[in-house]
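Notes follow once the structure below has been shown.
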Amino acid sequence: MAATLQLPQIVAGYDFDAAPDLTDLGTRKRLSASAAKGFFRIMAKWRVRDEDARVLLGGLSSGSFYALKRSPGQRALDQDTLTRISLLVGIFKALQILYSPRLADAWMTLPNQNPMFRGAAPLTYILRLGQPGMIHVRQLLDARRGGQ
């Protein structure tokens, strides 16, 4: 007998069948404030310097970065920035599932012997490779937690 796909329960305000359309300005405006606030909370937990946080956001200028930090809901973030934040949130979530809170918060800045990192910290790897590096780290962590 073939298995049937079970769709999730209906949740008000959430469409399980479609990802947000980040080309739509209204969608980006709606997501930007919470994405920026979440990003800055993660950076604080990981103890990432502002200079490195700017690189993680795609090389945001100092002025734009500090304006975003002061007023996270002031403007709509672009599609690339929202995608980068989404990847970092996924990495953060996976770390919280896999490790104790203390190790989860430190993991990004600790030297790592995984061949992918070559003894460097995962943060160093991501800073060097940019968005593809974020995807690699996210995939690694998702695989470690069973792909969920």
For this session: Please provide three numbers in whole Å: the alpha-carbon extents of the chain along the principal axes, with the largest listed first.
Result: 52, 40, 25
Exercise. Taking K and R as +1 and D and E as -1, what net charge do the other residues with C-beta under 14 Å from the C-beta of H136 add up to?
Worked result: +4
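None of the figures in this text is laboratory data; all of them are computed from the coordinates on show. Computed from a prediction, not measured in an experiment: that's the story for all the values here. Because the Cβ atoms are built from the backbone with ideal geometry, glycine has one as well, and the counts that use them run over all protein chains shown.
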